[in-house]
């Protein structure tokens, strides 16, 4: 049976010192797996959707542990391109506490996915029976060939009548604003739903506005987007935020509630939002997608690792206003 959702991108081995230690003082490292598109596929799988993740991995223990963890979370990895060459990417995470922010150190240069090229993935076959395709701005930032393959995938999705979403996800450590703007602008003609932040929109597209609604409207005027979703985070403390989002469609603004989140691990929260949003949009219900996206990502803040080890019942319980008493 074909999957409902396909995602495409890099996943890496994540290593972080426990107990808020800095890398320079670490004597041990906790291992997790993370990558925006795989995180989103996991979130959708946990919400009950069938998902597949496309990538390129080196056939060694590190590559296999990435694929294994994806399958453990319910994601199909049958379309992963395996190579005996290259390497998988690593990233190191230091957890901060106010006034020291958390920080990430990448070790991903020349990773296997950065050397993916058009023609390596049989996209027409991958998209058979698929309803949705999701990618982020991280994938094309990895290399020119990865950007070209992203374009190939988006074109193939459009040809197969598969709906598409792109999370802008600008990463200054991976590419500059000019390159990001050029590539991401070119992708917008193949994008139905854009997920972004006000800051990323300004950095990549140079679009500013008096408020989030104006930014969204300007995006839909410049590009043929059906929906724009903007996540909103207020950061009073490193480990406590206010979290919500809006969505814009056809001149109408959709809103949902805000959550005060105590942050155990914020990495992957935006990907969890994307998962919840797509979940609702698969039912042609934008308000449901916005509600589920913000609720799922709020819960993700409380879970260690990049993956959202959530379930639909607890998301729905939060939407109904569940409290913080112990569930017995």
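The values are calculated or read from the model by the stated rules, or taken from the named source; none is laboratory data. Worth saying up front: this structure is predicted, and the values here are computed from it rather than measured. Backbone-built Cβ (ideal geometry, glycine too); neighbour counts: all protein chains shown.
Remark: pairs (first residue in the stretch 145-165, at positive phi and modelled with pLDDT under 95; second residue buried (at least 19 other Cβ atoms within 10 Å of the Cβ) and assigned to a helix (DSSP H, G or I); Cβ separation under 6 Å; 6+ apart in sequence or on different chains) are absent. What are the pairs, 6+ residues apart or on separate chains, where a residue within the stretch 302-316 that is on the phi > 0 side of the Ramachandran plot and touching a residue at least 24 places away in the same chain (Cβ under 8 Å) has its Cβ under 7 Å from a residue that is part of a loop (DSSP other than H, G, I, E, B) and surrounded by 14 or more Cβ atoms within 10 Å (Cβ to Cβ)? Correct list of pairs: 305/265. Among the conditions (1) at pLDDT 95 or above; (2) in contact with a helix residue (DSSP H, G or I) (Cβ under 9 Å, 6 or more places away or on another chain); (3) over 21 Å from residue 212 (Cβ atoms), residue 288 misses just one, which is (3). Screening residue 17 with (1) within 26 Å of residue 165 (Cα to Cα); (2) more than 19 Å from the chain's Cα centre (by Cα); (3) crowded, with 17+ Cβ neighbours inside 10 Å gives one miss only, at (1).
Restricting attention to the stretch 81-102 and to residues that are part of a strand (DSSP E or B) and free of Cβ contacts under 8 Å to residues at least 60 places away in the same chain, the residue that is nearest to the chain's Cα centre (by Cα) turns out to be 81.
Every test in (1) in contact with a helix residue (DSSP H, G or I) (Cβ under 6 Å, 6 or more places away or on another chain); (2) crowded, with 19+ Cβ neighbours inside 10 Å; (3) farther than 21 Å from residue 138 by Cβ is passed by residue 253 save one, and that test is (2). For the stretch 103-221, the strands (runs of 3 or more DSSP E) that sit wholly inside it and include 3 or more residues that are buried (at least 22 other Cβ atoms within 10 Å of the Cβ) are 132-136, 163-167, 193-196.
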